[in-house]
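Here's the structure we're looking at; comments come further down.
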Amino acid sequence: MAVPTTAGRLRKNRGAAPLQSLFWRLPWLRSALLLTPPLGWFVLIYLSSLVLLLVTAFWTIDTFTTQIVQVWSVDNFTLIVNEPAYRLIIGRTIGLAALVTFTDAVLAFPFAYFMARVATRRTQTILFAAVLLPLWASYLARVYAWILILNHSGILNWSLQSIGLPPANIGYTIPAMWIVFSYIWLPFMIIPTYAALERVPESLLEAAADLGAPRWRALLDVVLPLAVPGVVAGSIFTFSLTLGDYITPILVGGAGSTFIGNVVYSSVGIANNVPFAAALAMVPVAIMAVYLLIARRLGAFEAL
Amino acid sequence: MRSTKAPAMWVRLGTVAAAAVIAITACGSNASPGGSTAAQPPTAGMKPPTSVGAGEGQLNLIAWEGYVDDSWVKQFTANTGCKVNAKYAGSSDEMVSLMKGGGGGQWDMVSASGDADLRLIYGGDVKPMNTDLIPDFKNFQTYFKAPGYNTINGIHYGISLQWGPNTLLYSTKKFPNAPTSWSVIYDPANKGLVTVPDNPIQIADAALYLMKTQPSLGIKDPYELTQKQFDASVTLLKQQRPLIKKYWGTAGDEITLFENGDVVVGAAWPYQTIQLKADGKVAVADTIPTEGATGWGDTWMLATNAPHPNCAYLWTAYVSTAKVQAEQALFFGETPVNTMACQEMESLQAGSCAQYHADAPGSYFNTIKFWKTPIATCPDGSSSCIPYAQWQTAWTTITA
Amino acid sequence: MEGFWTKVALRIWVALILLFLFIPILLIFFYAFNTSNIESWPIPGLTLKWFTASWDDAEIRTALALSVQAGLAATALALILGSSAAFAIHRMTFFGRDAISLLFVLPLALPGIITGISLNAFFSFGGFPLSFWTIVVGHTTFCIVVVYNNVLARLRRSQGSLVEAAMDLGANGLQTFRDITLPLISTSVVAGAMLAFALSFDEVIVTTFTAGAQNTLPIWIFGAIRLGQRLPEVNVVVSFVILVTIVPVVIAARLTGGGGAARVPAAPLSVEA
């Protein structure tokens, strides 16, 4: 029996090689073949549905039968701009999104600082997993948990009353929504901030100390500016997710908690006015486009 | 993530392809009569079946909360094998929206109120039903055999179900004596303690209140309002806005609000009162104030593309029987359309027949302003009344 | 470098934040055992009766079955499409690559409600009735992103020289793929699949707009919370959903080496470094 030689193996393999040599000669062909199904999916389904939504924003509906009238008009947009109620709703949504982002940044920074600069390797790993865990626990479950906590006979009021304070009636209010949003998106802010802080080289801080800077000065002038891209990266999530949410306002909000998302949701599911919903949905898209441009300037994309 | 100036060739091609797809498949919109009720609805020509076949094993219903309760549904499934899957809608608007496309091939029936019926009929989303297939139909009160909101030109687009008022629900602790006027829900003394439905048709309730308190406005029908009358109603509701703790979207929302002590008074259906009393966590009662009440007359309508029509007819026949009519009337707090139900109600709960006016519909009936779709045509023939689409946009500005 | 009291203060802060993050979740698990059907604190007693009640409820079982089926279908599709996209992007260098990368991130970057109403408009325009398959289409679209991110991150970390060495030794494309590439990326593929399933199982915003008469478990939960009649069962179902979404993620993290603190991904779209 012949001992298989390298040459022999090569000869055998060459027989199965025409396809492979085709890929060798035209390297882009394999990539193109691999890319076509997913790209096809995205373009034919996702992208075209987004384009359709954009086009629908310029249509209107027949008022009696709610059938879509495919006549080009900017009525939806003029309505949004002119009607004070929509300006109020948009302003309220942006305002709360900004407040939640700020709150999460404040809550996250010391936590991330500890993780990055004080904790041991092992503690880092544990904390990282601990922060990731609530993030992946069901969104609806976590909002529901807060409904239970905040309601009249829930644990918050029980705790307050057991130390002699009056009960906090924050069910169905904007403060309740603020708490819930800050809670839900907090891990999204902690993780990029931690990543950015972790990358600050120790040598920079030593140099600052050598130059005579007190610790707080080093924090302010060296660490903080380097952490900003991470915080901004986290803020992309907290801001965008609050901007598009409608479930928390329904479950936790009261009168005067209507968000952009709620008007979109009820326009589609209740008023059957998809063109108006589409037009209004363009507002958060436009806002996020601007926000992403600013974030890119501040270096957030490198921190992602 | 660096963005490039020129989109990738793939992206450009894809957008062109998508636009082409849209252009090619663009279909014209259905021409609608735009509110004229003399024209023939789109499904008028669809002949209903003459007999009911075997059940298909499944029934998908869009209903008001409390309309598909296990206490009578279990027996129905046992009798017919049709498993009932109910989706609870919080408003007529939601029902109309869910039913678009003739039910989308998903939904079989909807328990639509008077303000949804015409929109469903003229949208082509429901089709004619054969009343011969409903054995109890002959026992219905005459008016409910062919009311204007579900029967057009002699064709029945559904079978009447039950009817009832919207009530004033209040905590007996805060109001030991029943309030006599709707003014309590507009009273600034109750700031943050009021709830009303999150439904544009509430504007009619405000108009009803103004009928008595501002007669100079000349409101005759709370659903047919001129611009001046409409604006006055909207202003009243905007003044009410600071008093509202939360606009309730589902009956469950309102029940939770009362049980938590978040609200003490509000507009409700009799269903909430019965549920709250059964739960026993908070003492409540309801009443109809002197200004009167709006109300609803409900019809089970059959979706144009209903996937389970046999189960649908079996269901309609079942809920039209005197026994189930009585059970549902007592469960929800409404009035049955079947004249034989009165005896059943008395045997289940003495005095209920009179309580829910099942025996004296005429006089009581006329005091209720039933939900109907506001259209542009006023009773005097002019076209200056406010159509429903404007009610919806006004409602968004009220609750913002 | 930091002072002693600073470190103490930081430790306290970290402890408080951890309590803040975990108490609500633990509370739900407590409430699932609540004997009373009134959701108040403190809990009067513990019982297992709501677990059996939930299991007996046909609506819950149907919704659970639908969620599992949709999750499996979406994950399977996402695996194929996401992995092939990652391979293609890893090797390509033409100028449109960044645009395509952006495209693949869009489903998670845009608010869910936009994806939801776009797909809804697309289906109603194209005349597709809403059904199980429209739910799957919606879920697949963002599950692809998760698989793509994980596989791409691993490909970028792996050494291309291994593949070249294999080919120098005479292995053809299929052998190289089977013996070299696949083992290298297998854990990231599984991790991506776990994350995709968790994401699909919990998804409610897009599903609301792409489901017809069907209920997935999150849709059932949302409706049940609003109807307010069956809150004890909601507690049980919600606890269950938390476990089902956390456990795959934990497995995924273990598969990709657990630590990952070497180079931390800022965007938690993958558990890959």
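Rule-based calculations on the coordinates, nothing more; no lab input. Model, not experiment: these values are computed from the prediction. No Cβ is skipped: glycine too gets one built from the backbone with ideal geometry, and neighbour counts run over all protein chains shown.
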Problem set entry | Kyte-Doolittle at least -1.0, axis length at least 18 Å by Cα - qualifying DSSP helices, chain B | B:9-25, B:227-240
Problem set entry | Helical mean residue ellipticity (222 nm; -39500 (n - 2.57) per DSSP H run of 4+; nearest 500) of chain B | -10500 deg cm²/dmol
Problem set entry | Convex hull per residue volume in Å³, alpha carbons only, for segment A:75-303 | 162 Å³
Seminar exercise, completed: Env charge @ residue B:304, Cβ radius under 9 Å, K,R +1 / D,E -1, value 0
For this session: Report, as an integer, the average count of C-beta atoms from other chains found within 10 Å of each Cβ along C:122-128.
Result: 6
For this session: With a point put 7 Å past each Cα toward its Cβ, work out how far residue C:158 is from residue B:181 in nm, to one decimal.
Result: 7.9 nm
Problem set entry | For peptides B:51-57, C:206-212, A:168-174, sequence by mean Cβ density within 10 Å, most packed first | C:206-212, A:168-174, B:51-57
Problem set entry | Positive-end residue, the protein assembly as shown charge dipole about Cα centroid, Cβ charges, pick of A:29, B:387, A:61 | A:29
For this session: Find the centroid of the Cα atoms in segment C:41-73 and in segment C:210-226, then give the distance between the two in whole Å.
Result: 13 Å
For this session: Calculate the spin-label point distance for residue B:227 paired with residue B:239, positioning each point 7 Å from the Cα along the beta-carbon direction, and give it in nanometres.
Result: 2.2 nm
Exercise. So for chain C, taking the charge dipole from beta-carbon charges (+1 Lys/Arg, -1 Asp/Glu), which of C:125, C:81, C:213 sits furthest toward the positive end?
Worked result: C:81
Seminar exercise, completed: Of the convex hull drawn through the C-alpha atoms of segment A:17-56, the volume per residue in Å³ is 51 Å³
Seminar exercise, completed: Which of B:100/B:372; B:83/B:127; B:220/B:277 exceed 26 Å between C-alpha atoms? The answer is B:220/B:277
Problem set entry | Rg in Å to one decimal, and Dmax rounded to a whole Å, for segment C:128-258 via C-alpha atoms | 19.8, 68
Exercise. Normalised by the number of residues in segment A:75-303, what is the relative contact order in percent for Cα pairs under 8 Å and 6+ residues apart?
Worked result: 27 percent
Exercise. Efficiency by 1/(1 + (r/R0)^6): what FRET value for residue C:37 and residue A:21, r their Cβ-Cβ distance, R0 = 60 Å, to the nearest 0.05?
Worked result: 0.25
For this session: Just grab the label-to-label distance for residue C:128 and residue B:40, each label 7 Å out from Cα along the Cβ direction, in nm (one decimal).
Result: 3.7 nm
Exercise. Rounded to a whole number of µm²/s, how large is the Stokes-Einstein D of the protein assembly as shown at 10 °C and 1.306 mPa s, given Rh as the Kirkwood radius over C-alpha pairs?
Worked result: 52 µm²/s
Exercise. Alpha carbon centre of segment B:138-205 versus segment A:193-208: separation in Å?
Worked result: 66 Å
For this session: Restricting to the protein assembly as shown, compute how many DSSP beta bridges are antiparallel as a %, nearest 5.
Result: 65 percent
Problem set entry | Helical segments meeting 24 Å axial Cα length and Kyte-Doolittle 0.0 threshold in chain C (DSSP H) | C:4-32, C:58-91, C:132-157, C:182-202, C:231-255
Exercise. Under a point-charge model restricted to the Cβ atoms of Lys and Arg (+1) and Asp and Glu (-1), what is the dipole moment magnitude of chain B relative to its Cα centre, in debye to the nearest 20?
Worked result: 1140 debye
Exercise. What residue among C:48, C:72, C:105 has its Cα farthest toward the positive end of the dipole of segment C:37-148, where the charges are +1 on Lys, Arg and -1 on Asp, Glu, each on the Cβ?
Worked result: C:105
For this session: Work out how far the C-alpha atoms of segment A:201-304 reach from end to end along every principal axis, then list the three figures in whole Å, largest first.
Result: 67, 28, 16
Seminar exercise, completed: Given backbone amide H placed at 1.01 Å from N, residues whose amide H is under 5 Å from that of residue A:69, ignoring those fewer than 5 places away on the same chain, are A:60, A:61, A:62
Exercise. What are the DSSP H helices in chain A that stretch 24 Å or more along their long axis, judged by alpha-carbon atoms, and whose average Kyte-Doolittle hydropathy comes to at least 0.0?
Worked result: A:84-113, A:174-198, A:224-243, A:274-297
Exercise. Net charge near residue B:314, counting Lys/Arg +1 and Asp/Glu -1 over other residues with Cβ under 14 Å of its Cβ?
Worked result: -2
For this session: Quick one: compute the contact order of chain C, relative version, from alpha carbon pairs under 8 angstrom and 6+ residues apart, as a percent.
Result: 27 percent
Exercise. Per residue of B:385-395, how many C-beta atoms from partner chains lie within 10 Å of its own C-beta, taken as a mean?
Worked result: 3
For this session: Mind checking C:163-174 for the average number of partner chain beta-carbons within 10 Å of each residue's beta-carbon?
Result: 3
Exercise. Based on the alpha-carbon gyration tensor of segment B:282-400 and its eigenvalue square roots a ≥ b ≥ c, which shape applies: rounded if a/c is under 1.5, prolate if not and a/b is larger than b/c, or oblate?
Worked result: oblate
Exercise. Which whole-angstrom value gives the distance between the alpha carbon centres of segment B:317-368 and segment A:252-303?
Worked result: 48 Å
For this session: Among the lysines, select those whose C-alpha is under 16 Å from the C-alpha of residue B:281, and discard any that sit fewer than 8 residues away in the same chain.
Result: B:173, B:174
For this session: Using only the alpha carbons, work out the radius of gyration and Dmax of chain C in angstrom.
Result: 22.3, 71
Exercise. If you place +1 on the Cβ of every Lys and Arg, -1 on the Cβ of every Asp and Glu, and leave all else neutral, what size is the dipole of the protein assembly as shown about its Cα centre, to the nearest 20 Debye?
Worked result: 3380 debye
